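Accompanying notes for the structure given below.
The values are calculated or read from the model by the stated rules, or taken from the named source; none is laboratory data. From a predicted model like this one, the values you see are computed outputs, not experimental measurements. No Cβ is skipped: glycine too gets one built from the backbone with ideal geometry, and neighbour counts run over all protein chains shown. For accessibility, only protein heavy atoms count, side chains too; no ligands or nucleic acids. Shrake-Rupley method; radii C 1.70, N 1.55, O 1.52, S 1.80 Å.
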Amino acid sequence: GSERPDDFVDKFERPYKVLLDTGVKFYAALGNHDDPNQRFYKPFNMNGERYYSFKAPQGSVRFFALDSNYMDKAQLDWLEKELAASDSEWKICFFHHPLYSSGDTHGSDTALREQLEPLFLKHSVDLVLTGHEHFYERLKPQKGINYIISGSAAKLRKGNIGASDLTAKGFDQGYAFLLMEIAGDDLHFQAISRSGRTIDAGTLSRAGRRLPAARVTALGTAGRR
């Protein structure tokens, strides 16, 4: 839809008023349907940048927001410099297009993977969060990195998770959102459906301290996988 000032009030400021009023911060990453000028919208905390990083106010966690619409050399050079300079125990990247996906509509973005995965491996990225696909999918760790697609909060593409060896847990039968909490070396996650039912939950470890696969558990039976 349109992106007039009134639209941001209707689509963002009013629905999230309770959170915004209590000081919850939102950090945006540009998607393929977004106007790049959204980076100037103050409540998205992008500070006019297509890509940026920030450290969580508590704990040793740094986030890296990327613009996967246009992965040029300048952005790759910036990312390598930022990852190398970070001394945070946790490194989490988030952007729109998934490097790994079992979606029948889009699937894995292999070209983007060729650009980003070597940097993620070199600098021990722990977790990659993406959207684009309109469902929830937690991938099996790929080369030691955890990947989660959380793309069904606003639009659902029912039955779109295809048969794949990539999927650890998928849910394409309803809307869902993802909660995460980091405590030391552990990241606890919970994916919750629109009805309030837990569709997936477990604990992930950071790259410097991998846990046995049995430590990651999936709860519930909803979804294709």
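For every residue, the table says whether it meets (1) basic (Lys, Arg); (2) within 22 Å of SER53 (Cα to Cα); (3) in contact with a Leu (Cβ under 8 Å, 6 or more places away or on another chain).
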residue	(1), (2), (3)
LEU127	no, yes, yes
GLY159	no, no, no
ILE182	no, yes, no
SER193	no, no, no
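If we scan segment 77-94, do we find a residue that is touching an Asp or Glu at 6+ places or on another chain (Cβ under 9 Å) and assigned to a loop (DSSP other than H, G, I, E, B)? Within segment 77-94, one or more residues are touching an Asp or Glu at 6+ places or on another chain (Cβ under 9 Å) and assigned to a loop (DSSP other than H, G, I, E, B). The set of residues from segment 178-209 being touching a Gly at 6+ places or on another chain (Cβ under 6 Å), buried (at least 17 other Cβ atoms within 10 Å of the Cβ) and either in a loop (DSSP other than H, G, I, E, B) or small (Gly, Ala, Ser) (or both) comprises just one member, SER193. Report, ordered by the first and then the second residue, all pairs with beta carbons closer than 7 Å, sequence separation of six or more or different chains, a first member in segment 50-75 that is at pLDDT 95 or above, and a second member that is acidic (Asp, Glu) and part of a loop (DSSP other than H, G, I, E, B). Filtered contacts from segment 50-75: ARG50/ASP67; TYR51/ASP67; GLN75/ASP67.
Within segment 150-177, being open to solvent by 40 Å² or more (accessible area, probe 1.4 Å) and either of a type in the set (Val, Ile, Thr) or within 10 Å of ASP104 (Cβ to Cβ) (or both) holds for ARG157, ALA163. When you scan segment 142-156, do you find a residue that is closer than 20 Å to LEU178 by Cβ, more than 15 Å from the chain's Cα centre (by Cα) and in a loop (DSSP other than H, G, I, E, B), even just one? Yes, segment 142-156 contains at least one residue that is closer than 20 Å to LEU178 by Cβ, more than 15 Å from the chain's Cα centre (by Cα) and in a loop (DSSP other than H, G, I, E, B). With the structure loaded, tell me whether TYR100 is in contact with a strand residue (DSSP E or B) (Cβ under 6 Å, 6 or more places away or on another chain), buried (at least 17 other Cβ atoms within 10 Å of the Cβ) and more than 30 Å from ILE199 (Cβ to Cβ) or whether it fails that test. Against the criterion (in contact with a strand residue (DSSP E or B) (Cβ under 6 Å, 6 or more places away or on another chain), buried (at least 17 other Cβ atoms within 10 Å of the Cβ) and more than 30 Å from ILE199 (Cβ to Cβ)), TYR100 does not qualify. Inside segment 114-142, residues that are touching a strand residue (DSSP E or B) at 6+ places or on another chain (Cβ under 9 Å) and either open to solvent by 60 Å² or more (accessible area, probe 1.4 Å) or among the basic types (Lys, Arg) (or both) make up a count of 5. Selection of segment 157-193 for residues being of a type in the set (S, T, N, Q), within 16 Å of the chain's Cα centre (by Cα) and under 18 Å from HIS96 (Cα atoms) yields an empty set.
Apart from one condition, TRP90 fits all of (1) over 25 Å from ARG157 (Cβ atoms); (2) without any contact (Cβ under 8 Å) to a residue 40 or more places away in the chain; the exception is (2). The set of residues in segment 9-24 being open to solvent by 100 Å² or more (accessible area, probe 1.4 Å) and either modelled with pLDDT of 95 or more or β-branched (Val, Ile, Thr) (or both) consists of ARG14, LYS17, VAL18, ASP21, THR22. Checking each residue in segment 25-36 for being out of contact with any Pro (no Cβ under 9 Å at 6 or more places or on another chain) and open to solvent by 90 Å² or more (accessible area, probe 1.4 Å) picks out only HIS33.
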